[in-house]
Amino acid sequence: MKRTKLLTLLSLATVLVLSACSSGGGDSTGDQAAAKTVGEQVNYEIIGIDPGAGIMKSTTKAIEDYGLTDWTLIEGSGAAMTATLDKAIKKEEPIIITGWTPHWMFNKYDLKYLEDPKKTFGEAEEIHTLARKGLKDDHPEAYQFLQNFKWTSEEMGEIMTAIQDNKSPVDAAKEWAENNPDRVNEWIEGIEPVENKEIKLGYVAWDSEIASTHLVMYILEEKLGYTVTAMQVEAGPMWTGVANGDVDATVAAWLPLTHADYWNEFKDQVEDLGANMEGVKTGLVVPSYMDINSIEDLKTK
Ligand code: PBE
């Protein structure tokens, strides 16, 4: 009996000494935070956007590919996502979002893409212009301009940033066109303006596509004489609209990966006018102050 008691006392002492060592000198709150996994820190949530966006499908696939079984992708919108990001950054809290480039958020905040060693988010992604079948015959002038329209992520970034600084998309596009007459003239060179013709563009309320669509609308209206309706819809209806001819064109198709499902469904019913921008990207994005670098870290860190 006595011996057992002594042993118990000894082991208790050991436990006390050990625990004193482990918290020795450290700031205990910081240690606790450091001990939390990334998943625990963000409640196993990835802040997504509208459910029709290709990046939502890619993220769902990433959750499978990387074995992130506990994780949830939260649906919302581009605007809700950037509002949530802004709140987190103001408090220096951890957050994981579905992000893409070009986007003004990379200018406004210090952000990084998580590495994607399994290439779930693809590689050389582009933004394509799609036209409905028959647009070439019905509106050769608009068709020619849409075929010529190619620009860079820096150029799009200028319009996006102006909109973010509270300019209306219409004014931001107009101002950009006025400041870049050489670029605009390259796209419309030799095209005769029309009269009494209407064009319908389809786009989704992603900040990048709000910028591009308003620029294209401005040029079609102010330089080529069209009356343009820009219809803001979800991604599915945007593709369906071009496929069934309700929409004349869109400059918002992300290929080959982001909109691969839509492409596979509608490729025979649309005309692909090729890339209007190269070198674009989608992925999971975090503030640079977060101590992770790869999607794989979401499972292990
Ligand atoms: N995006 C922006 C879209 C394409 C443009 C990346 C959010 C998407 O995921 O479908």
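The values are calculated or read from the model by the stated rules, or taken from the named source; none is laboratory data. Keep in mind that this is a model prediction, so the values were computed, not measured. Note that each Cβ is placed from the backbone with ideal geometry, even for glycine, and that neighbours are counted across all protein chains shown. The accessibility values were calculated without ligands, DNA or RNA, using every heavy atom of the protein model including side chains. Shrake-Rupley method; radii C 1.70, N 1.55, O 1.52, S 1.80 Å.
Of all the criteria given as (1) of a type in the set (Gly, Ala, Ser); (2) closer than 16 Å to Thr98 by Cβ; (3) in contact with a Lys or Arg (Cβ under 7 Å, 6 or more places away or on another chain), the one not satisfied by Gly283 is (3). Filtering the stretch 117-157 to residues that are charged (D, E, K, R) and surrounded by 21 or more Cβ atoms within 10 Å (Cβ to Cβ) leaves Glu125, Arg132.
Only residues that are surrounded by 12 or more Cβ atoms within 10 Å (Cβ to Cβ), in a loop (DSSP other than H, G, I, E, B) and out of contact with any Leu (no Cβ under 9 Å at 6 or more places or on another chain) were counted across the stretch 68-77, and they come to 4. Scanning the stretch 210-229 for residues that are under 26 Å from the mean Cα position of the chain (by Cα) and more than 19 Å from Asn148 (Cβ to Cβ) yields Ile210, Thr229. In this entry, Trp187 passes the filter for residues that are in contact with a helix residue (DSSP H, G or I) (Cβ under 6 Å, 6 or more places away or on another chain), of a type outside the set (Gly, Ala, Ser) and over 25 Å from Gly54 (Cβ atoms).
Counting the residues of the stretch 176-202 that are within 28 Å of the chain's Cα centre (by Cα) and open to solvent by 20 Å² or more (accessible area, probe 1.4 Å) gives 5. Taking the criterion of being assigned to a strand (DSSP E or B) and crowded, with 21+ Cβ neighbours inside 10 Å, the residues of the stretch 282-301 that qualify are Thr282, Gly283, Leu284, Val285, Val286. Taking the conditions (1) away from the ligand (no atom under 13 Å from the Cβ); (2) farther than 17 Å from Glu141 by Cβ; (3) of a type in the set (D, E, K, R); (4) surrounded by 15 or more Cβ atoms within 10 Å (Cβ to Cβ) in turn, Asp207 satisfies each one other than (1). The residues of the stretch 43-72 that are within 16 Å of the ligand (Cβ to nearest atom), hydrophobic (A, V, I, L, M, F, W, C) and over 14 Å from Ala260 (Cα atoms), listed by number, are Ile46, Ile47, Ile49, Ala62, Ile63.
State the number of residues belonging to the stretch 73-84 that are within 15 Å of the ligand (Cβ to nearest atom), without any contact (Cβ under 8 Å) to a residue 40 or more places away in the chain and among the aliphatic types (A, V, I, L, M). Looking only at that region, the number is 4. Scanning the stretch 239-248 turns up one or more residues that are at pLDDT 95 or above, on the phi > 0 side of the Ramachandran plot, surrounded by fewer than 22 Cβ atoms within 10 Å (Cβ to Cβ) and in contact with a strand residue (DSSP E or B) (Cβ under 6 Å, 6 or more places away or on another chain). Selection of first residues in the stretch 141-153 that are within 14 Å of His128 (Cα to Cα) and of second residues that are crowded, with 18+ Cβ neighbours inside 10 Å and small (Gly, Ala, Ser), restricted to Cβ pairs under 6 Å at least 6 apart or on distinct chains, gives the following pairs, ordered by first then second residue: Leu146/Ala249.
Does Ile89 satisfy the condition of being open to solvent by 20 Å² or more (accessible area, probe 1.4 Å) and away from the ligand (no atom under 15 Å from the Cβ)? Judged against the criteria, Ile89 is a match.
Note on the stretch 241-270: residues that are over 20 Å from Lys136 (Cβ atoms), in a helix (DSSP H, G or I) and in contact with a Gly (Cβ under 9 Å, 6 or more places away or on another chain) amount to 3.
Within the stretch 258-273, the set of residues being within 14 Å of the ligand (Cβ to nearest atom) and surrounded by fewer than 21 Cβ atoms within 10 Å (Cβ to Cβ) comprises Ala260, Asp261, Trp263.
Restricting attention to the stretch 191-207, the residues being in a strand (DSSP E or B) and hydrophobic (A, V, I, L, M, F, W, C) number 2.
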